[in-house]
Structure formats: C-alpha cells, structure tokens
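Reviewing the structure listed below.
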Amino acid sequence: MSHRTSQGLLAGKIGLVFGVANKRSIAWAIAQAWHRAGARLAFTYQGHRVKDNVEELAATFGADTLILPCDVTRDEEIARVFADVGGKFDRLDLLLHSVAFAPKEALEGRFAETSREAFRIAHDVSAYSLVALARAAAPLMTAGGSIIGMSYYGAEKVVPHYNVMGVAKAALEACTRYLAYDLGPQGIRVNCISAGPVNTLAARGISGFIEMLRHYESKAPLKRNVTADELGATGVFLASDGAAAITGQVLYVDCGYQIMGM
Ligand code: 0WE
C-alpha cells in the first residue's frame with residue numbers, strides 16, 4: 001500500500017466524483033482533498049469539451065485513474081459507469097455529485113417565464129440525477145458510504161436570476177433527506193454542502209457574479225468568501241467517520257452568510 005493510502009482520514013476509501021469540468025471546479029477541490037486524505041478515486045465527465053481537462057487533472061493521481069464519460073440524464077450511461085467502477089474496485093465508499101445545469105435563458109429574466117422544458121432539464125440534470133446515482137451506488141457501498149451533493153442558498157431564499165436552479169436545488173435538498181431515510185439502514189449517509197459563491201466555470205458569464213462575491217464579503221460574518229480548499233476540507237469531513245452520525249443535512253459552508261437576516 002502506498003504512503004498516501006495507508007494513512008489519512010479516508011485511508012483506503014474508494015470514491016467516485018461527478019462534476020469536474022476544470023481545475024476551478026468545486027468537484028476538483030473536493031477530489032484533491034479526498035485524495036490527500038488517502039482515498040482512491042474515479043471520475044466521470046460530461047461532454048467532449050471537458051474530456052481533456054479531466055484526463056489531465058485526474059492523471060496527477062496516477063495513470064491508471066478510471067475516467068468515464070457520463071451524461072447523468074442517461075440511465076444506460078449511469079449503469080455503465082457503476083459496472084466499470086464495480087469491475088475495477090468491487091466496492092464504493094464515497095460519491096460526490098457536483099452537477100447542475102439550467103438552460104442559460106432560464107437564469108436570466110423572470111422566474112415566471114421559465115418554460116416547461118427548461119424546468120424539466122434543470123430538475124433532471126441537477127436533482128433527479130442524485131437519485132439515479134445514489135440508487136446505482138448503493139449496491140456497491142457494501143461497507144456503508146457517504147454521498148455528497150452541492151447546493152446553494154437560492155434553494156431556500158430568492159436569489160434574483162437563480163430562478164429555476166433555486167427550485168431544482170430545493171428538490172435536490174429534499175431528495176437528500178428522502179435518500180438519507182431510504183439508505184440509512186445500509187449505513188449510507190447522504191448530505192449536501194451549501195456553498196457560498198465560488199468563481200467556477202458554472203459561475204462565469206452570470207452577470208453580476210463579481211458584485212455577488214463583494215456582497216457576500218461585506219455581509220457574511222467572516223467578511224470574506226469561501227475558498228475551494230475549504231469546500232474540500234468539508235468534503236473530507238462529511239466523507240469521514242467524524243460525520244458518522246450526520247445524514248440528510250444541508251451544511252452551509254458560506255462564511256456564515258446564511259444566518260443573516262439583514
Ligand atoms: O448553481 C449554480 C450555477 C449552476 C449553473 C450555471 C449555469 C451557467 C451556464 C446551472 N446552469 C447553468 N447554465 C448555463 O448555461 N451556482 C450556485 C452559481 C450561481 O449561478 C447563479 C447564481 C449563482 C450563485 C445564477 C444566477 C444568480 C446567482
């Protein structure tokens with residue numbers, strides 16, 4: 001056993017990471033933290049445009065790192081990913097869901113104008129996929145497990161222009177609770193990290209994002225924004241035995257912004 005896998009909070013754990021697009025992705029920050037804590041990881045990516053990025057990043061963990069394409073809206077692709085992971089590791093301990101999408105036009109203008117199709121896509125990619133991945137992961141989590149999703153404050157309060165993504169994140173958080181109930185008896189925990197805004201590919205091109213970072217900095221009790229490394233550390237905690245009795249929760253990792261009433 002290598003040095004890295006013989007010690008650390010996640011020594012010998014096997015993890016599967018959905019949602020790395022590039023080096024700024026929250027999924028990459030959590031994957032790196034999991035790796036440093038001793039976990040062995042596999043990755044999935046969505047679309048040929050990020051394939052090279054993910055391969056380059058994941059290769060830093062060794063040339064034999066499993067990297068698989070997966071469109072989480074396709075049941076047959078999900079089935080193939082878990083068959084391949086089961087074939088390589090014969091067990092799974094950790095799963096990170098860091099995947100979301102709403103059509104661009106739904107994140108502009110009025111929520112009331114959200115089309116049926118934009119609503120369907122946002123919920124399919126961003127919320128239902130957690131259910132599909134958890135169901136496929138559960139049979140491999142034979143020693144229990146930790147499933148983590150990523151959420152945002154727009155799930156509980158109106159954030160202008162977050163629109164249908166806020167509704168989809170509310171669904172994701174409710175899915176987290178129902179999955180925690182169903183999978184708890186197997187020792188599988190399901191939680192969400194609700195992150196403050198982070199400058200990622202998903203945030204780029206959102207008009208007013210830089211102003212949003214400044215707003216959080218001035219309003220949050222810690223007077224700053226959360227870093228990707230800090231989200232990684234929370235990911236390690238939730239995956240570790242330190243969180244053994246935590247399931248179905250939404251953990252705010254936002255420098256305290258969420259507690260403020262004004
Ligand atoms: O969950 C998110 C964003 C996820 C996201 C981003 C995009 C951009 C490109 C989902 N779908 C798309 N579709 C695209 O076409 N965040 C928490 C970041 C975010 O996005 C916002 C925010 C914040 C914060 C959009 C409007 C207002 C605030």
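The values are calculated or read from the model by the stated rules, or taken from the named source; none is laboratory data. As the structure is a prediction and not an experimental result, all values here were calculated from the model. For neighbour counting, all protein chains shown are included, and Cβ atoms are generated from backbone atoms with ideal geometry for every residue, glycine included. Keep in mind that these areas ignore ligands, DNA and RNA; they rest on the heavy atoms of the full protein, side chains included. Shrake-Rupley method; radii C 1.70, N 1.55, O 1.52, S 1.80 Å.
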Theoretical ellipticity at 222 nm over the chain - DSSP helices of four or more residues, -39500 (n - 2.57) apiece, nearest 500: -12000 deg cm²/dmol
Have a look at G12, G208, G232 and tell me which one the Gaussian network model of the chain (Cα, springs below 10 Å) gives the largest fluctuation. G208
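If you roll a 1.4 Å probe over the heavy atoms of the protein chains, what accessible area per residue do you get for the stretch 181-262, in Å²?
On the way: 4280 Å² over 82 residues.
Averaged over the residues of the stretch 181-262, the accessible area is 52 Å².
State to the nearest 20 debye the size of the charge dipole of the chain about its Cα centre, where the only charges are +1 on K and R beta carbons and -1 on D and E beta carbons. Working shown, then result.
Details: 26 positive and 25 negative charges, 83 e Å.
The dipole magnitude comes to about 400 debye.
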Which residue, V236, V158, V167, tops the fluctuation ranking in a GNM of the chain built on C-alpha contacts under 10 Å? V158
Can you list residues whose amide H is under 5 Å from L41's amide H, if they're 5+ apart or on another chain and H is modeled 1.01 Å from N? G15
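Counting only heavy atoms of protein chains, what accessible area per residue, in Å², does the stretch 64-164 have with a probe of 1.4 Å? If you can, show how the numbers build up before the last one.
Details: 4690 Å² over 101 residues.
That works out to 46 Å² for each residue.
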To test your reading of the geometry: what angle, between 0 and 90 degrees and rounded to tens, separates the Cα axis of helix 75-89 from the longest principal axis of the chain? 40 degrees
If one puts a single equal scatterer on every Cα of the chain and applies the Debye formula without solvent, what log₁₀ I(q)/I(0) results at q = 0.13 Å⁻¹? -0.81
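For the cross-link pairs K23/K104; K104/K219; K51/K157; K51/K223, which exceed 32 Å when the distance is taken from alpha carbon to alpha carbon? Let's see the in-between values first.
Details: K23/K104 22 Å; K104/K219 28 Å; K51/K157 35 Å; K51/K223 37 Å.
Those over the limit are K51/K157; K51/K223.
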To the nearest 20 debye, what is the magnitude of the charge dipole of the stretch 1-99 about its Cα centre, counting +1 on the Cβ of each Lys and Arg and -1 on the Cβ of each Asp and Glu? 380 debye
Just read off the accessible area of R40 with the full protein assembly in place, 1.4 Å probe, to the nearest 10 Å². 110 Å²
Using only Cα atoms, locate the centre of the stretch 126-191 and the centre of the stretch 215-262, then give the distance between them in Å, rounded to an integer. 17 Å
Rounded Å value of the spacing that divides the Cα centres of the stretch 104-124 and the stretch 7-45: 31 Å
Which percent of the accessible heavy-atom area of the stretch 18-98 goes to carbon and sulfur, probe 1.4 angstrom? 45 percent
For R120, solvent-accessible area (1.4 Å; no DNA, RNA or ligand), Å²: 120 Å²
How big is the accessible area of T142 in square angstrom, nearest 10, if you roll a 1.4 angstrom probe over the protein chains? 110 Å²
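How would S98, S115 rank on accessible area, largest to smallest, probe 1.4 Å?
Numbers: S98 25, S115 55 Å².
Ranked list, largest accessible area first: S115, S98.
I need to check one value: relative contact order of the chain, counting alpha carbon pairs closer than 8 Å and at least 6 residues apart, in percent.
Details: 503 pairs, mean separation 51.5, N = 262.
Result for the chain is 20 percent.
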Nearest 10 degrees is fine. How inclined is helix 228-239 to the longest principal axis of the chain, computing both from alpha carbons? 50 degrees
On Cα atoms only, tilt of 26-36 relative to the major axis of the chain in degrees: 30 degrees
Treating each Cα of the stretch 55-188 as an identical point scatterer and ignoring solvent, apply the Debye formula and state log10 I(q)/I(0) at q = 0.16, 0.17 Å⁻¹. -0.88, -0.95
Top positive-direction residue, dipole computed over the chain with Cβ charges, set H215, G232, G47: H215
